[in-house]
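The values are calculated or read from the model by the stated rules, or taken from the named source; none is laboratory data. Everything numeric in this text was worked out from a predicted model, so none of it was measured. Cβ coordinates were reconstructed from backbone atoms using ideal geometry, including for glycine residues, and neighbour counts include every protein chain displayed.
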Amino acid sequence: MNALPALPACCTPLDADWPLPFMLPETVLLSTHFNSSKLTGDDFRHSAIEPPTTIQRSVAKRQAEFLAGRICARAALQQLEGLNVVPAIGDDRAPVWPAHISGSITHSTGRAAAIVARKSHWRGLGMDLENLLDSERAERLAGEILTPAELQRMAAGRYDQLALLVTLTFSVKESLFKALYPIVQQRFYFEHAEVLEWSEAGTVRLRLLTDLSSEWRHGTELDAQFGVKDGQLLSLVSIQA
């Protein structure tokens, strides 16, 4: 197995600790913290990662989060089965994984992560990291993110959990899209799924509100999980083979 390039100064050593309530077998999840102020002009070259033109033209924050996410993805692929591959950006803006691999990359303020598995174990993986909203912003965004039924359940719940609920709903629907889009090849949006229930233990139950394929139809339910650490929420939707 070939050694990977040394990490740039903008990234901390990769963390293999499982950050969610329920560990998925046959997966590799790696994360790093990054600091865009430490990014240098040579970091992509030294990391042997070719930035797309859109990334080359972007600000340091966007460059650092892209680099950190790809570093995690490459290392996860190598750990899973010895591949030295950096997922490119596809025409649909999603990462392009090897044909037999499911994977997901995510990043938010100062943190990036990637998860990979063989499709023979996990058909779809979707992971999303979000900064926790404050209550005022959560109330403003709730109408854009939540369905009418979700808004009713929110109104009946505890006010001190409103910000967590809106952040979770946003994040887990992003994870659902990342997990399902490679399978159905059809875009869908916040109004096309709903959170039926969730627990403080980190479990989530989702339901589709639209037909995406002959298999993934209106009413299909899926499980997800999430964890909160250092003001950020990480969610994961996993679809078994």
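Summary table
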| read-out | value |
| --- | --- |
| Among (1) assigned to a strand (DSSP E or B); (2) surrounded by 22 or more Cβ atoms within 10 Å (Cβ to Cβ) - the single one Ser171 does not satisfy | (1) |
| Within the stretch 136-160, tally of residues that are in contact with a helix residue (DSSP H, G or I) (Cβ under 9 Å, 6 or more places away or on another chain), farther than 22 Å from Gly110 by Cα and not in a loop (DSSP other than H, G, I, E, B) | 13 |
| Residue that is nearest to Glu50 (Cα to Cα) [pool: residues in the stretch 81-93 that are surrounded by fewer than 13 Cβ atoms within 10 Å (Cβ to Cβ) and in contact (Cβ under 8 Å) with a residue 40 or more places away in the chain] | Asp92 |
| Residue that is surrounded by the most Cβ atoms within 10 Å (Cβ to Cβ), among those in the stretch 137-166 that are acidic (Asp, Glu) and at pLDDT below 95 | Glu139 |
| Total residues in the stretch 216-241, condition among the acidic types (Asp, Glu) and either more than 17 Å from Leu125 (Cα to Cα) or touching a Pro at 6+ places or on another chain (Cβ under 6 Å) (or both) | 1 |
| Those helices (runs of 4 or more DSSP H) lying entirely in the stretch 32-112 with at least 1 residues small (Gly, Ala, Ser) and under 23 Å from Leu176 (Cβ atoms) | 60-81 |
| Tally of residues being touching a helix residue (DSSP H, G or I) at 6+ places or on another chain (Cβ under 7 Å) and touching a residue at least 24 places away in the same chain (Cβ under 8 Å) across the stretch 194-221 | 9 |
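Residues checked against (1) modelled with pLDDT of 95 or more; (2) assigned by TED's automatic domain parsing to the domain that holds Asp230; (3) within 21 Å of Gln225 (Cα to Cα):
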residue	(1), (2), (3)
Lys38	yes, no, no
Ala48	yes, no, no
Pro52	no, no, no
Gln56	no, no, no
Gly103	yes, no, yes
Ser108	yes, no, yes
Ala112	yes, no, yes
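Residue-by-condition table, conditions (1) over 24 Å from Leu233 (Cβ atoms); (2) crowded, with 16+ Cβ neighbours inside 10 Å; (3) in contact with a Pro (Cβ under 6 Å, 6 or more places away or on another chain); (4) touching a residue at least 60 places away in the same chain (Cβ under 8 Å):
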position: Glu65; (1), (2), (3), (4): no, yes, no, no
position: Ala75; (1), (2), (3), (4): no, yes, no, yes
position: Pro95; (1), (2), (3), (4): no, yes, yes, no
position: His100; (1), (2), (3), (4): yes, no, no, no
